[in-house]
Amino acid sequence: MPVWLREHSWRQSLTAVYLSLPLRGARATAANIFCSEQYLKVSIPPFLFEAILYAPIDDKNSTAKIGNGNIFFTLYKKEPAMWDSLTLANADKEKLQHLRENAVLEAQEKAKEETKAKKITKQENKKYALEATMKLEEAERKRIEDLKEKERQEVTKELELWKNQQKDGDKYKSIQAKEELHQEKEPLKERKNEKLNKTRIPNEGSSKTRLKSTRGRGSCSIFSQDLREEQLPAPRAAATIKVNFTPRVFPTALRESRVAEEEEWLHKQAEARRIINSDLSELEDLKEEEKNPDWLKDKGNKMFAMGDYLGAVNAYNLAVRLNNKLPLLYLNRAACHLKLRNLHKAIEDSSKALELLTPPVPDNESARVKAHVRRGTAFCQLELYTEGLQDYEAALKIDPKNKIIEKDAEKIRQLIQGTMQSS
């Protein structure tokens, strides 16, 4: 039975009521106080204070301060007026129950509205943050594009300047070469005239031959230089070559021997994303750590140790939905089902754990022994002793030195023999 707190003092003004409630050594928190427009309750086991107020108050602006072994309430009145008493006089049990239920319902509605408002605010904040991020990214992208365009224009100007310099250099070289040719032609003509004058003798045949040979050498060298200068190629035009590579998920180069392995990995990743996205609507309200299967497994283990088997089953169920390839989740859930007498489910989870614990290696020996023992225990509780004995013998093959399993297997053999004799 609760101990009612009858001792309290109060005073009032035209707009507020000031209430002082002694705690008698009890320790109070904000969770112990409940207040609505016309109902005030303080529950600190074993103490209880309950009051139906004389008139409605503003429960949003009213305050409560805890200190020095007292709770000081400042209750602001909705309508300025002096109260005849703190509580409503002649309040029978039915009215008290009605006011209490209405206060609880109002509090629940307010809590729902606050939760909804918080959710809307959170969504708006996310939307605003996303828009701000998009604007920043757009501004950064524009800045980078402007820098690229500026650099491109500078490079284009430099290229045009280089081309003009090359053209000017070629013109200067061609002019200089023509001048050199002209200078070379003058002494050649002079030499030619001198030779002609010297070789004028009656033998015209020999003079013709000499003139032909001399003219041939000089003309060949002069015209060949002119042709070389005219046939000089123009400078090569600058261009950009784009090289496109085949897009790949993996950072390494494509190898034919690894194609099957890569496709299998991509398939598993796609399957995992599909499973998570299918439950996304249900999981969006969870915290980040609550979306981690290992964290959920540890949480289920703690609940199992405390005896909360249903809570542990729920934790393991959520972890399995997030990752259905962890054998320990099924193994631990099978232990919970054994405690809850869900024997068929315990058999299913133990079998699933054994299916995932392949291939059998020394690292998973302990888990395989537990799976066989738990499935064998479920079979025996269903009075399927033959199947249960098979699981216990399989566990003994893995761990032959386990005396406890050996004793349990011997008991099951005796039960089977007794059943056969009685039949």
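Just so you know, all these numbers are worked out from the coordinates, no wet-lab data involved. Every value quoted in this text rests on a predicted model; they were computed, and no experiment measured them. Ideal geometry is used to build each Cβ from the backbone, glycine not excepted, and the neighbour counts take in all protein chains shown.
Helix 259-278: angle to the longest alpha-carbon principal axis of the chain, degrees 0 to 90, nearest 10? For 259-278 against the chain, the angle is about 40 degrees.
Hey, got a sec? Which trypsin sites (Lys or Arg not before Pro) in segment 346-415 land in a DSSP loop and have at most 10 other Cβ atoms within 10 Å? Working shown, then result.
Values: sites: LYS352, ARG368, LYS370, ARG374, ARG375, LYS397, LYS401, LYS403, LYS407, LYS411, ARG413; in loops: LYS401.
Loop-located and lightly packed - LYS401.
How large is the Rg to Rh ratio of segment 315-373 when both quantities use alpha carbon positions and Rh follows Kirkwood? List each step's numbers first, then the result.
Working: Rg = 10.9 Å, Rh = 11.4 Å.
Across segment 315-373, the Cα-based Rg/Rh ratio is 0.96.
Computing mean projected area of the Cα convex hull in nm² directly from the structure and comparing it against (i) 55.1; (ii) 21.8; (iii) 23.4 singles out (i).
Please state the charge dipole magnitude for the chain, taken about the Cα centre, from unit charges on C-beta atoms (+1 on K and R, -1 on D and E), reported in debye and rounded to the nearest 20.
Details: 76 positive and 67 negative charges, 457 e Å.
Result for the chain is approximately 2200 debye, rounded to the nearest 20.
The eigenvalues of the Cα gyration tensor, multiplied by 5 and square-rooted, give segment 24-107 an equivalent ellipsoid with semi-axes of 21, 16, 13 Å from largest to smallest.
Label-to-label distance, ALA239 versus ASP84, with points set 7 angstrom from Cα along the beta-carbon direction: 10.5 nm.
In the structure shown, the pairs LYS171/LYS242; LYS242/LYS268; LYS77/LYS287; LYS291/LYS352; LYS302/LYS352 are assessed against 29 Å; a Cα-Cα span above that value is assigned to LYS171/LYS242; LYS242/LYS268; LYS77/LYS287.
Please identify every one of the trypsin sites (Lys or Arg not before Pro) in segment 48-157 that sits in a loop by DSSP and has no more than 14 other beta carbons within 10 Å of its own beta carbon. Please report the intermediate quantities before stating the final value.
Numbers: sites: LYS60, LYS65, LYS77, LYS78, LYS93, LYS95, ARG100, LYS110, LYS112, LYS116, LYS118, LYS119, LYS122, LYS126, LYS127, LYS135, ARG141, LYS142, ARG143, LYS148, LYS150, ARG152, LYS157; in loops: LYS60, LYS78.
Taking segment 48-157 and a limit of 14 other Cβ atoms within 10 Å, the loop trypsin sites (Lys or Arg not before Pro) found are LYS60, LYS78.
Quick one: pull the percentage of alpha-carbon pairs in segment 23-169 with a separation above 24 Å. Above the 24 Å cut-off, segment 23-169 has 62 percent of its Cα pairs.
Where does each of 289-296, 237-244, 302-309 land if you order them by average Cβ count within 10 Å, highest first?
For the peptides 289-296, 237-244, 302-309, the packing ranking is 289-296, 302-309, 237-244.
If the segment from ASN402 to PHE34 were pulled out straight at 0.36 nm per residue, it would be longer than the present Cα-Cα gap by 126.7 nm.
Spatially, segment 377-417 and segment 64-107 are offset by 66 Å when compared through their Cα centroids.
Report the charge-dipole magnitude of segment 341-385 in Debye, nearest 20, computed about the Cα centre from +1 at each Lys and Arg Cβ and -1 at each Asp and Glu Cβ.
On the way: 7 positive and 6 negative charges, 32 e Å.
About 160 debye.
For LEU48, nonlocal amide neighbours, meaning residues 5 or more places apart or on other chains whose placed amide H falls under 5 Å from its own, are VAL3, TRP4, LEU5.
With a/c under 1.5 counting as rounded, go ahead and sort segment 78-126 into rounded, prolate or oblate using the C-alpha gyration tensor (a ≥ b ≥ c being the square roots of the eigenvalues; past the cut-off, prolate if a/b is larger than b/c, else oblate). It is oblate, given that a/c is not under 1.5 and a/b is not larger than b/c.
What is the gain in length, in nm to one decimal, between ALA26 and LEU105 on full extension, counting 0.36 nm per residue of separation less the C-alpha to C-alpha distance? Before the final figure, lay out the partial values.
Values: separation 79, 0.36 × 79 = 28.44 nm, distance 2.82 nm.
Full extension of this stretch gives 25.6 nm more.
Dipole orientation for segment 17-107: of the candidates ILE57, GLN97, ALA26, ALA26 has the Cα lying most toward the positive pole (charges on Cβ; Lys, Arg +1; Asp, Glu -1). Distance between the modelled labels on ASN61 and ASN164, one decimal in nanometres: 7.8 nm (7 Å Cα→Cβ projection).
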